[in-house]
């Protein structure tokens, strides 16, 4: 991922889904500060997760899922990154603790579904857990989904969640070097990319989602140069 590829992916992200509208609605409902001790905030979170494709949170089980998330938060809140911590400055030991919290959250119950004459539990899972952690610490933690994990050769484990974030930190280091060449700050990227509501980790997710989940690759330099020439005529 280079700066040009990131810019392209973030530019087309909004036109490929309605995720922006639902995310901004969620941010508004929680005043951009998720408090999982609040039942209203937990409901806003679960509603947003549904809109972002997390079908494991069936509507009839929202109250149960809310209780599971609250229990998890009460158990693990003290080892989560401090609010406003950013990914670039996170220490490996902080990511190790967060990965433990992720692994436990992944196993919490999102709902129950019918099977035969009974009902079986459906867990929050790897994608749902990563989205919840992102919602809690949007400046520090990155979302992922199954296609992203498969392409980048991660599994759903806490160890892979840790490695993924360490790899994303290295990607940010490379981006920072490219930003310096352009005379801009890494932390100003959301503004320069016209993505003011997206944190740096969310920009990374937008790149991964466009290029991996949706398999839409950035055109090469020659193609982009040709398009620029056409635009001038």
ask   = Between residue 35 and residue 20, what is the spin-label point distance in nm, taking each point 7 Å from the Cα along the Cα→C-beta axis?
value = 3.0
request  = Report the label-to-label distance for residue 170 and residue 157 in nanometres (one decimal), using points 7 Å from each Cα along the Cα→Cβ vector.
outcome  = 1.8
task = Report, in whole Å, the centroid distance computed from the Cα atoms of segment 181-203 and segment 8-81.
result = 23
remark   = Going fewest to most other Cβ atoms within 10 Å around each Cβ, 83, 115, 139 line up as 115, 83, 139
message = Could you order the peptides 101-110, 124-133 from most to least packed, using the average number of other C-beta atoms within 10 Å per residue?
response = 124-133, 101-110
ask   = When the label point is put 7 Å from the Cα of residue 214 along its Cα-to-beta-carbon vector, which residues of segment 3-22 have a backbone N closer than 13 Å?
value = 8-21
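Given 4 °C and 1.567 mPa s, how large is the Stokes-Einstein diffusion coefficient of the chain in µm²/s, with Rh as the Kirkwood radius over Cα pairs? Provide the component values of the computation, followed by the final result.
On the way: Rh = 18.7 Å.
The Stokes-Einstein estimate is 69 µm²/s.
FYI, it's all coordinate maths here, none of it is from the lab. Nothing here was measured: the structure is a model prediction, and the numbers come from that model. Ideal geometry is used to build each Cβ from the backbone, glycine not excepted, and the neighbour counts take in all protein chains shown.
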